[in-house]
Each structure stands twice: as structure tokens, then as C-alpha cells.
Amino acid sequence: MASIDIRTHRNKIENISALPTVPGTLKRISSIIEKPRLTLEELSHFVSNDPALASRVLKMINSAVYGFPGRISSVSHAIMLLGLNVVKGILLGTSIFEIMQKVMKGLWDHSLGCAIASRVIAEKLGLKYPEEVSVAGLLHDLGKVILILEYQENYDDSIRDATEKGIAISEAEKIHFQETHAAVGMWLSQKWRFPANLIDVMAFHHSPAAAKVAPLETAIVHFSDILVRARGIGFAGDPFVPAVNPVSFEMLRLSDGDIRDVLAEMEDSLEQPTDF
Amino acid sequence: MPKIPIDKLEPGMKLSKPLVSRGGMVLLGDGTELTEKWIDRIQDMEVDGIYVDGPSEQKESKEESLAKLDARFLSVEKEPYMGRLKRIVRDYIEALYGEH
Ligand SMILES: [Fe+2]
Ligand SMILES: [Fe+2]
């Protein structure tokens, strides 16, 4: 059975534009969002110059996932309203949608469900920027996309192992890659200059006690990931619900009714068209 | 709350979500009870369906759905909070099948 140490591939993964398996759209998006001092104008210009991309981004922003149905009509308006980082994240989201449709369809529903749950919980807790938490939910398993694309055989082995041995996909990843998708997601989100909060969520959504910068946001996405699986939405690599970290769960102070609300909103939003 | 195709709308149904035009204007608020007149207007518009109150139609039987839930939770049920979470999800699923 194939096993590699993914940590020795970090440079290769960070140099994502050189990976032959990565589609052109993602390469172009990667090269713009990694810019050190990306301005509002630059990003808006980049998206607006590609009408297909612009319409996908606006479609996602106006979808039930973000809770602004039908209200945002231009990319610059979106950036003003949601901030540069959220639009960067949504831009990435639309391009990973394309990939997930091809390589692991259930991962898109998993990611969307997680984005919705994360936003609703962030709103309930009165966080100032629920859309940022939603983007963290949308992108939290981004590392899986790269692993599947570039190391398909090892990833297939991981999925099979998880199901057969009854272990979580991240445990199976440790067997086949020595590290998990959470680390891969962290490397990329650092490279793409995402805010520290998002990097924390990427790195620690399966080990939320280790989150230092954004323990609350990490706890939200950690629990959202579990709730989506509990409801049986999508497929994230294994068919099991992982146990919640009790400290993180207590941090959220959610009542039974709150959790029911999140389930209902997740379901309603996913019933609407989610093909971006 | 199911989404109903516009040719299946009947007077007396209540909107569970506002009806929003392409331009983002709210045309009918949630909770609006549909009349013949509203249904005619809605059928003139380019919408593919309307959300109304009531249990959604489910893709699988309740028994199947609950059996899958048991399988997903099998190894974590005894962990802290997981029994509670399972109960909430089970109640939620049962309500989808119209048992309140
Ligand atoms: Fe994950
Ligand atoms: Fe996940």
C-alpha cells in the first residue's frame, strides 16, 4: 500500500500553479490571491474581466449560503460589503466547486453544509463577521481537494481504509500521508495570505484545542463539520460522525433549539440550487 | 418546508420564505397565504417553485433514514454530548416525516 510523507512535499504543494493536475482557473485565482498587497481594485478588476467567473462569484454570494439573496449586483459592491478576504475565499470556493464536482462530489455538499452551519452559528453567537466564519467553513477541507488531485492513489487508499477499519478519514490520511488535509489547507491558506483566523480554522478544525488565534471560530467550524455529518449530508471521506471536542462544544453554548435551527437552515439552503 | 413547483400551488398554502424577484425586491412576504389571484400572478413569473409550510417530501423512508443515523453514530454515542446531539438530529428527522 502506497504511503508518502506529505510534509516533504510542502514546497511542491505551495507552488500550486506548477501542479499539472490543477485546473487553469484555480491556477489563475491562486496567482492573484497570493499577491502581497492585493488591492480592492485589483481583485475587482480580475474578477470583472472574466464574465463567467464574475457571474459564478455573484451567484454564490447571492445564494442562501451567504444570506444575501438577490441583493449584490457587482463584484466591487460585494468586496465593499463583505471585505477582501471573504471575496477571495468565495473566489476559491467557486473554483474548488469545479474540482469537487469531478473528483469527490459529496465533498461539495459537505463544504456547503458546513459553510451554512458556520454562518448561522456565528450569527447566533453575535460574531461581528459571520461571513468570514462561513468562508472558513466553506474552505475547511480544501486540503483534501489538493490531496485527491495530486495523490489520487494514496487518497483512494485512505478512503477505503477509513471505511474498512472504521476510522476517521484524517486518521487514514495520517497512515498514508503522515499528515492530514488540515496541514495541507494551512500551508495553502498561509501562501494565499488569508487572515490568521482562517489559517487557524484550517489547521485545527479537527483538533480545536490547539487553536491559538481563533479558538471560537475554530470551535464553530469543528462543530459544523460534525453537525453536517450527523445529518448525513454529503461525503467527506468516511461515513462516520466524529466525537465533538467537549470544551469547544461548551464554548458555543448552543441550546437544543439552536441546534435544530442550524439543521433547518442548512437543509433549506441546500434545497435551493447550489451549482455555481 | 418543501419547495413546490408553481403548477402545484393551491389556495390556502402559506409561503415559508419570501418570494423575491430577480432584481431583489420582496414581492410577497413569508407567511403570506396564497389566493387564486396570487397564484395566477406567480405563474406569470419566471420562478421554478415556491417554498410553502408543511413537511417536505423525503427521498428515503423514515426507517431507512433512522437506521443510517444509528450507523453513523455507532462508535461515538457514548462520548460527551454525542448522545444529546444524536437525539436532536433524530427528533429533527422524525419531524421531517410529519411527526411533531
Ligand atoms: Fe476536515
Ligand atoms: Fe470536513
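Read-outs throughout are calculated quantities, based only on the coordinates presented, and are distinct from any laboratory measurement. Just so you know, these numbers come straight off a predicted model, no measurement behind them. Because the Cβ atoms are built from the backbone with ideal geometry, glycine has one as well, and the counts that use them run over all protein chains shown.
For this structure, a couple of remarks:
- For the stretch A:88-203, radius of gyration divided by Kirkwood radius, i.e. Rg to Rh on alpha-carbons: 0.98
- Largest to smallest principal axis extent of the C-alpha atoms in the stretch B:49-100, angstrom: 41, 19, 19
- The alpha-carbon atoms of the stretch A:1-83 define a convex hull whose volume equals 147 cubic angstrom per residue.
- Counting only aspartates and glutamates at least 8 places from B:LYS59 when in the same chain, those with an alpha carbon closer than 16 Å to its own are A:GLU267, A:ASP268, A:GLU271, B:GLU94.
- When the inverse distances between all different Cα atoms of the stretch A:1-146 are averaged and flipped, the Kirkwood radius reads 16.1 angstrom.
- Candidate aspartates and glutamates for bridging to A:LYS105, where Cα separation is under 15 Å - those fewer than 8 sequence places away on the same chain excluded: A:ASP141, A:ASP156, A:ASP238, A:ASP275
- Per-residue Cβ neighbour counts within 10 Å put A:MET251, A:MET202 in the sequence A:MET251, A:MET202, beginning with the fewest.
- Highest-fluctuation residue, A:ILE90, A:ILE33, A:ILE175 considered, GNM on chain A with Cα pairs under 10 Å: A:ILE175
- Chain A, helix-only ellipticity at 222 nm - DSSP H runs n ≥ 4, -39,500 (n - 2.57), divided by all residues, nearest 500: -20500 deg cm²/dmol
- Size-normalised alpha-carbon gyration radius of the protein assembly as shown, reference 2.2 N^0.38 Å: 1.00
- Summing +1 for each Lys or Arg and -1 for each Asp or Glu among the other residues whose beta-carbon sits under 11 angstrom from that of A:ASP200 gives 0.
- The ranking of A:GLU150, A:GLU250 from fewest to most other beta carbons within 10 Å of each one's beta carbon is A:GLU250, A:GLU150.
- Percent of C-alpha pairs per 10 Å bin, chain B, short to long: 14, 35, 21, 19, 10, 1
- Electrostatic tally near B:ASP30: other residues with Cβ closer than 13 Å to its Cβ, Lys and Arg +1, Asp and Glu -1, net -1.
- Of A:THR25, A:THR39, the sequence from fewest to most neighbouring Cβ atoms within 10 angstrom is A:THR39, A:THR25.
- Size descriptor, Kirkwood hydrodynamic radius, that averages inverse alpha-carbon separations across the stretch B:3-51, Å: 10.7 Å
- Charged neighbours of A:VAL213, selected by a Cβ distance under 14 Å, balance to -2 (K, R count +1; D, E count -1).
- Amide H contacts under 5 Å for B:SER16, placed H, 5+ residues apart: B:GLY31, B:TYR51, B:VAL52, B:ASP53
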